[in-house]
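Trainee: Here it is, the structure, as structure tokens.
The values are calculated or read from the model by the stated rules, or taken from the named source; none is laboratory data. Just so you know, these numbers come straight off a predicted model, no measurement behind them. Don't worry about glycine lacking a Cβ; one is built from the backbone with ideal geometry, like all the others, and counts go over all protein chains shown. Each accessible area value is taken on the protein alone, full model and side chains, heavy atoms only, with ligands, DNA and RNA left out. Shrake-Rupley method; radii C 1.70, N 1.55, O 1.52, S 1.80 Å.
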Amino acid sequence: MSKARILYIEDNLDNMILVKRILEASGYEVINAETGSEGVSKAEQLKPDLVITDINLPDIDGYEVTQRLKKSSQTASIPVVAMTANVMQQDREKVSQAGCDGYIAKPIDVDSLPDQVEHFIRGNKNVR
Ligand code: MN
């Protein structure tokens, strides 16, 4: 079986480097996109096994990214996880209304990130 491929859409360089390092060390292939529209086109081209998206991006936000991915037949089946510091109840509702399969809280928990990602890849939507 080939390595699972993760597309990480993030404009913050520190987060991008951190997440890429952790996930590559866990055996995943990590592709980065720095804007929402770049993320949508890379998802269409590269068909990742999971998309992790930041919410605040320089062009379209992570909600819009998720809506576009879920609307397209090419990408609708790919799980999308929002990575956000906004974990109030209303924000969680916004994440799920946009079609996200879950969220990962910021600041990033280095120790639990690989497990969280593994569960999302396996389709478990109840991971925290
Ligand atoms: Mn951002």
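Trainee: Report, by residue number, each residue of region 1-28 that is within 15 Å of the ligand (Cβ to nearest atom) and either without any contact (Cβ under 8 Å) to a residue 12 or more places away in the chain or hydrophobic (A, V, I, L, M, F, W, C) (or both).
Mentor: Within region 1-28, 9, 13, 14, 16, 17, 18, 19 qualify.
Trainee: For the list (1) of a type outside the set (A, V, I, L, M); (2) open to solvent by less than 70 Å² (accessible area, probe 1.4 Å); (3) over 21 Å from residue 5 (Cβ atoms); (4) outside any loop (DSSP other than H, G, I, E, B), I need the number of the one condition that residue 93 fails.
Mentor: Of the numbered conditions (1) of a type outside the set (A, V, I, L, M); (2) open to solvent by less than 70 Å² (accessible area, probe 1.4 Å); (3) over 21 Å from residue 5 (Cβ atoms); (4) outside any loop (DSSP other than H, G, I, E, B), the odd one out for residue 93 is (2).
Trainee: Okay, moving on. Give the residue, chosen from 77, 37, that is part of a loop (DSSP other than H, G, I, E, B) and more than 13 Å from the ligand (Cβ to nearest atom).
Mentor: Working: 37 fails: part of a loop (DSSP other than H, G, I, E, B).
Criteria check complete, one pass: 77.
Trainee: May I pose another question? Looking at region 40-74, which of its residues are at pLDDT 95 or above, in a loop (DSSP other than H, G, I, E, B) and of a type in the set (Val, Ile, Thr)?
Mentor: Matches in region 40-74: 60 only.
Trainee: Right, residue 30: touching a Leu at 6+ places or on another chain (Cβ under 7 Å) and in a helix (DSSP H, G or I) or not? Full working, then the answer.
Mentor: Numbers: touching a Leu at 6+ places or on another chain (Cβ under 7 Å): yes; in a helix (DSSP H, G or I): no.
When the stated conditions are applied, residue 30 does not pass them.
Trainee: It is to be established whether one or more residues within region 74-82 are open to solvent by 70 Å² or more (accessible area, probe 1.4 Å) and either polar (S, T, N, Q) or free of Cβ contacts under 8 Å to residues at least 40 places away in the same chain (or both).
Mentor: yes
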